[in-house]
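Let me begin by presenting the structure, written as structure tokens, before commenting on it.
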């Protein structure tokens, strides 16, 4: 019985040595559902902000085939995009343009679009963990001109990948 167990381990051991070299993940720690409530005319005139509303924990690890850190790794980047070309009403066919919404990371603003935009990046490659705080503005740069009693929805997609 011991002889057979040894052979089973010997057959499967090399498979674990040559697994995927890059491991990355995004975990939403809080703020996965974002709502803006306009209660006053000033909210439409001046816009609204949600400061550090979404907290993302990213993990990035790039190793060689032998499992040691890949020192020639180009690092990582985090991108965001809207999954639709506009912000759609939940109850009617009306919509708002994406450029009403801005995403902010580390003080830099990005006008929301349906194409990926890099919002953070780094050279780290060795089991790197980082918390990224994302803030949102609506109607700050591009003032909201439509005033209606509707609920508008757009999904955001975050992508963590190797920096090219």
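Counting the residues of the stretch 116-139 that are touching a strand residue (DSSP E or B) at 6+ places or on another chain (Cβ under 6 Å) and part of a loop (DSSP other than H, G, I, E, B) gives 4. Output yes when any residue across the stretch 86-109 is in a loop (DSSP other than H, G, I, E, B), modelled with pLDDT of 90 or more and under 18 Å from the mean Cα position of the chain (by Cα), and no when none is. Taking every residue of the stretch 86-109 in turn, at least one turns out to be in a loop (DSSP other than H, G, I, E, B), modelled with pLDDT of 90 or more and under 18 Å from the mean Cα position of the chain (by Cα). Identify all residues within the stretch 25-60 that are within 16 Å of the chain's Cα centre (by Cα) and modelled with pLDDT under 90; write none if there are none. 31, 32, 33, 34 - these are the residues of the stretch 25-60 that are within 16 Å of the chain's Cα centre (by Cα) and modelled with pLDDT under 90. I'm told residue 128 meets every condition in (1) over 19 Å from the mean Cα position of the chain (by Cα); (2) touching a residue at least 60 places away in the same chain (Cβ under 8 Å) except one. Can you identify the failing condition by its number? The single condition residue 128 does not satisfy is (1). Picking from residues in the stretch 66-99 that are in contact with a helix residue (DSSP H, G or I) (Cβ under 8 Å, 6 or more places away or on another chain) and without any contact (Cβ under 8 Å) to a residue 60 or more places away in the chain, the one that is surrounded by the fewest Cβ atoms within 10 Å (Cβ to Cβ) is 66.
The values are calculated or read from the model by the stated rules, or taken from the named source; none is laboratory data. These numbers were taken from a predicted model, which means no experiment stands behind them. As a convention, Cβ positions derive from the backbone with ideal geometry for all residues, glycine included, and neighbour counts pool all protein chains shown.
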